[in-house]
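Take a look at the structure below.
What follows is calculated from the coordinates using simple rules that are stated; it is not laboratory data. Everything numeric here is computed off the predicted structure, so don't read it as measured data. Every residue, glycine among them, receives a Cβ derived from its backbone with ideal geometry; neighbour counts consider all protein chains shown.
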Amino acid sequence: MKLSFLGTGNMSRVIAGSFAELGHEVFLGSRSAEKACSIAKEIGFHARGGTNDEAADFGEVVFHSVRNVPSTFLQNISLLDDKIIVDLNNRDFPREYNGAEIVESLAASVQKDIPKAKIVKALNNQAMEALFANPEALRKSGVQSFIAGDHLEAKVLVAELLQQLGLSPIDFGPLKNAWLLEVQADILRTYMFATGKFLATPGFIFAPEAPARFGERRKGEY
Ligand SMILES: NC(=O)c1ccc[n+]([C@@H]2O[C@H](COP(=O)([O-])OP(=O)(O)OC[C@H]3O[C@@H](n4cnc5c(N)ncnc54)[C@H](OP(=O)(O)O)[C@@H]3O)[C@@H](O)[C@H]2O)c1
């Protein structure tokens, strides 16, 4: 499949590399086509590089990990019309973060920026270090990866790509839930920065089933 990446940063590099190794056609875009070509060469597996506009044009799925909406750095934003865009972005998270009110998720701003695109929030809760492991190791460890989006077929495709990386996709509903996944990233980074444990990854763990003790759940009065 044709997969492209806006920006040649940490996440683009590790995810593009992983998909290239799996045999996908990978294209990295950058503000500097020269830089993108050199990073593509570093990745190997026939990865290619060029401008962000070329990347937007190339991919059937476009991974967006530039900390700003695409209209701020693409010459031709309409290249992304009807494309599936995986939004990996999280808010900047200063160490003295005070919990600003969230008015709109980053994913929702990307959707507003490109109304015709199919945005899927995904991969914003695995640090790049978590993706150093190969798909088999990730699969064995049961790492979950949350996704949210409004377009079912786009979500199904992104879920399939996550599975290929060795991740277990968890459908977290429509794009309006993306803000929760962005807050999940704030929780994760609070823990990571405090402990230095960048392999931490969020997920649901299910408690063992057992007969009710001390009575079943009752409806409370609020
Ligand atoms: N790092 C992680 O572990 C991790 C995990 C989950 C989610 N995230 C999220 O993913 C996003 C990217 O993280 P990252 O660590 O990959 O960041 P990064 O290494 O800084 O990469 C971001 C890339 O965006 C491009 N860029 C920077 N400023 C730009 C501008 N003004 N206009 C256009 N392009 C610009 C640059 O690529 P070029 O120089 O090639 O143009 C840069 O390499 C962030 O929102 C982050 O919160 C990161």
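For the reader, a short list of remarks on this structure follows.
- Net charge of neighbours whose Cβ lies under 14 Å from the Cβ of residue 75, counting Lys and Arg as +1 and Asp and Glu as -1: -2
- Charged neighbours of residue 159, selected by a Cβ distance under 11 Å, balance to -2 (K, R count +1; D, E count -1).
- If R0 is 35 Å, the Cβ-Cβ spacing of residue 204 and residue 34 corresponds to a FRET efficiency of close to 0.20.
- Estimated FRET transfer efficiency when R0 is 25 angstrom, pair residue 78-residue 128 (beta carbons, to 0.05): 0.25
- Proximity of backbone amide H atoms, modeled 1.01 Å from N, is registered between residue 85 and 62, 118, 119, 120 at under 5 Å, excluding neighbours fewer than 5 places apart on the same chain.
- Calculated FRET efficiency for the pair residue 10/residue 102, C-beta based, R₀ 22 Å, to 0.05: 0.35
- The peptide list 166-179, 208-221, put in order of mean Cβ contacts within 10 Å with the highest first, becomes 166-179, 208-221.
- Helix-only [θ]222 nm of the chain, DSSP H runs n ≥ 4, -39500 (n - 2.57) each, per residue, nearest 500: -10500 deg cm²/dmol
- Debye log10 I(q)/I(0) at q = 0.16 Å⁻¹ for the chain, Cα point scatterers: -1.11
- In the chain, lysine pairs with alpha-carbon atoms under 25 angstrom apart (chain gap of 8 or more, or interchain): 29
- Angle in degrees between helix 178-195 and the longest Cα principal axis of the chain, rounded to the nearest 10: 80
- Net charge dipole size for the range 2-195 [Lys, Arg +1 and Asp, Glu -1 on Cβ; Debye, nearest 20]: 240
- Helix 10-21 axis versus longest C-alpha principal axis of the chain: approximately 80°, rounded to the nearest ten.
- For the range 87-222, the residue among 172, 220, 106 whose Cα projects farthest onto the positive side of the dipole built from Cβ charges is 220.
- Taking every alpha-carbon pair under 8 Å whose residues sit at least 6 apart, the chain reaches a relative contact order of 16 percent.
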